[in-house]
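Trainee: One structure follows; several queries about it will come next.
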Amino acid sequence: MTQSTSTPAPHLLLGSCDYPEHVPQDRWAAYAQQQKELGLTFVRIAEFAWSRMEPRPGEYDWSWLDTAIDAYHAAGMRVVLCTPTATPPAWLIRAHPEILPVDAQGRVREFGARRHYDFASPVYREHSRRITRAMAERYGGHPAVAGWQTDNEFGCHNTSRSYGGASAAAFPGWLERRYGTLDALNAAWGNVFWSMEYTAWEQIKPPNLTVAEPNPSHVLDFYRFASDMIAGFQAEQVAILRELSPGRFVTHNFMIFEMGFDHYDVARGLDFVTWDNYPLGMLEFFAPPGSGEDVKTHFARTGHPDLIAFNHDLYRGLLGRKNALGRDGQGTPNGPWVMEQQCGQVNWAPFNPLPADGAVQLWTAQAWAHGADVVSYFRWRAATMAQEVMHSGLLRHDETPDRGFAEVAGLDTTQFPVGGVPAKVAVLHDYDSLWLYDEQKHSASLSYWTQTLAYYSALRALGVDVDVIHADADLSGYAVIVAPAITLVPQQRAAHWTAAVKGGARLVCGPRTAFRTPGGETWADGQFGPLSELVGARLLQYDSLRPTLSQHVTGDGGTFEAHAWAESYRVKGAETLYTYSGGPLDGQSAVIRHGNVTVIGAHSSELIGTVLAGVLAEADVATTPLPGGVRLSRRAGRTLLQNWNPERVEWNGQMLEPVSFTVLEDAVLESAHA
Ligand code: GAL
């Protein structure tokens, strides 16, 4: 059942990623025409085409790109043009091998694939500016060019950090600017431990190849440094594009769960954020918290709804609240996009199943409901050469329409109006916390993402819409703020959260919240450092549980079994809601509450869900408990109801078909629950 309004409001637009340089020129006009007929509006091109734009140093050949862009223009397509800096050509690398990055094992990463450059390389920076300027001078004012994508997927193939060459040379200077004196750096890193104190800046290297694990403070600053290099690299391109291509948007296509840089810093300066959504490949790498092979098998042909939804919500929030709210004067969407949407099988996971029938439509609908203004499929035609021949496209290798094409053709996008996502719940996220947490996980069962996802997933299972936002972002308007794994809480952040709680918001924190200082040490007065007063407690003990150990937790909601992690608290004003029993934490506080602040110390999806449900109810946030694989998301006055399961599911008096969705007017859903 699909309901649409009589006057179609601005709605979701579609696109695809095309590679004219991969096919004979006589195909270009036909492809553009076919894309238009399929209902696509945008085409993204040229992100890997440097060797064709500049075959020899300084010798540009724009003729083919002129023809390609004109062909799209003639068909009425709008072009997203990319700077080609993900693929510096052979002539440049052989002339300047110092551009190449160095991996954590100290090996130079060679030419012959992509992303073979060090963001800190002054030589590469110069060439990046040069090719960007040349492209922008040529196409900045072209009527078909709607906007720009910088580079392609920063961080892909583990390329955020280079552990030698230009990065190693630039790191000490970056530290000197940050700390001023070596005394300050030695103190901040705690270098007295194991005699790691430095007496000259040049002594400091990247934190790789150490005998035992490197100092986490050293690691944290190296990650911050590498992230700064990426932000600086991109900012140079953005400045040139702004100068020479006024009125066009500038964006970047971020990756699923990428961890190598601070996405908030790198996104600053872009008009909107885009990301690349590969639900099946992703599931091979990121199992939902607490799940095993059975869950991967169950969702093998759709991907897991919450893993994908989290990324949508994360990217929607990367630029704060200036997102997803309409069109500019030329009808260009301002909200986040999915720049690459899987539309068949991928080639890069250990296993690469075909999507279920209906999955491409399901993914598109979900993207819309989570704020996307455009979904652009990867790729138009399957590649017939090189690394990605096993990957699918909307067209098969032989140019016949593949299954994804049929699903796109069958979509009615007018049922997907653009507009805001009405979230009353915020999940807080921060890359410094991620880096610190993962550097000292203390449990092979845990990571920053698994802990964060446990809370996010519990919220989605309650049918609640969520904004994922930075831990220092504007918190006004949120009824419930959840900080699942923000281990780094400086004074200012503690003050910011305290103000939100004083303003009436409820705060729920996971284990290890406010454990560490901005330098990466622990607070000298223990967890919760500057948050202690607000929480009304101190950390007592933490217990890392091997997979065969568990810990009972009992309170008003019943008894739960905690796995992986259990920490207990010494209350100083807070009340104890749940208590540990059995094991070394017997009788100690597991879940505590101090006014509007709740801390959950143990890992158990059921416990987290139960505690969150109670807090949401108190905060008057409506919840709708959902069966596994059934999800609700709201946008622009409508509700998307989805069944991600490979079988029919009965829910709320209706039968949901496998891998299907329905767009409902909000009123319909609310009355169904009345
Ligand atoms: C993305 C990348 C594309 C292509 C695609 C294949 O990560 O941006 O260029 O490689 O994966 O799934």
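Trainee: Among the residues of the stretch 631-655, count how many are hydrophobic (A, V, I, L, M, F, W, C) and open to solvent by less than 10 Å² (accessible area, probe 1.4 Å).
Mentor: 4
Trainee: For the stretch 283-301, does any single residue satisfy the condition of being touching a strand residue (DSSP E or B) at 6+ places or on another chain (Cβ under 8 Å) and not aliphatic (A, V, I, L, M)?
Mentor: no
Trainee: Tell me, which helices (runs of 4 or more DSSP H) lie completely within the stretch 232-315 with 2 or more residues that are open to solvent by 40 Å² or more (accessible area, probe 1.4 Å) and without any contact (Cβ under 8 Å) to a residue 24 or more places away in the chain?
Mentor: The qualifying helices (runs of 4 or more DSSP H) are 293-298.
Trainee: Moving on to the next point. Where residues in the stretch 233-257 are at pLDDT below 95 and more than 23 Å from ARG129 (Cβ to Cβ), which of them is nearest to the ligand (Cβ to nearest atom)?
Mentor: ILE256
Trainee: Among ARG538, ARG546, which is open to solvent by 30 Å² or more (accessible area, probe 1.4 Å), farther than 23 Å from ALA613 by Cβ and outside any loop (DSSP other than H, G, I, E, B)?
Mentor: ARG538
Trainee: Something else about it: Quick one: in the stretch 364-385, which of the residues that are open to solvent by 10 Å² or more (accessible area, probe 1.4 Å) and in contact with a Gly (Cβ under 7 Å, 6 or more places away or on another chain) is farthest from the ligand (Cβ to nearest atom)?
Mentor: ARG381
Trainee: Could you check the stretch 354-363 and list, in sequence order, the residues that are more than 23 Å from the chain's Cα centre (by Cα) and within 15 Å of the ligand (Cβ to nearest atom)?
Mentor: Hit for the stretch 354-363 is LEU354, nothing else.
Trainee: Within the stretch 453-464, identify whether any single residue is touching a helix residue (DSSP H, G or I) at 6+ places or on another chain (Cβ under 8 Å), polar (S, T, N, Q) and within 21 Å of TYR264 (Cβ to Cβ), and answer yes or no.
Mentor: no
Trainee: To continue, here is another question. Might you check whether a residue that is away from the ligand (no atom under 14 Å from the Cβ), of a type outside the set (Ser, Thr, Tyr) and part of a helix (DSSP H, G or I) occurs anywhere in the stretch 386-404?
Mentor: There is at least one residue in the stretch 386-404 that is away from the ligand (no atom under 14 Å from the Cβ), of a type outside the set (Ser, Thr, Tyr) and part of a helix (DSSP H, G or I).
Trainee: Can you run down the residue pairs with Cβ atoms below 6 Å, 6 or more apart or on separate chains, where the first is in the stretch 145-157 and acidic (Asp, Glu) and the partner is assigned to a loop (DSSP other than H, G, I, E, B)?
Mentor: Matching pairs, first to second residue: ASP151/THR83; ASP151/THR85; ASP151/ALA86; GLU153/MET255.
Trainee: If you check PRO206, PRO216, which single one turns out to be open to solvent by less than 20 Å² (accessible area, probe 1.4 Å) and farther than 30 Å from VAL374 by Cβ?
Mentor: PRO206 is the lone residue from the list that is open to solvent by less than 20 Å² (accessible area, probe 1.4 Å) and farther than 30 Å from VAL374 by Cβ.
Trainee: Exactly one condition in (1) without any contact (Cβ under 8 Å) to a residue 60 or more places away in the chain; (2) within 16 Å of the ligand (Cβ to nearest atom) is false for ALA184; which is it?
Mentor: The number of the failed condition is (2).
Trainee: Taking helices (runs of 4 or more DSSP H) that fall entirely within the stretch 26-105, which contain at least 3 residues that are open to solvent by 60 Å² or more (accessible area, probe 1.4 Å) and touching a residue at least 12 places away in the same chain (Cβ under 8 Å)?
Mentor: Ranges flagged: 28-38, 63-75.
The values are calculated or read from the model by the stated rules, or taken from the named source; none is laboratory data. Every value quoted in this text rests on a predicted model; they were computed, and no experiment measured them. With ideal geometry, Cβ positions are generated from the backbone for all residues, glycine too; neighbour counts draw on all protein chains shown. Remember, those area values only see protein heavy atoms, side chains included, never the ligands or the DNA or RNA. Shrake-Rupley method; radii C 1.70, N 1.55, O 1.52, S 1.80 Å.
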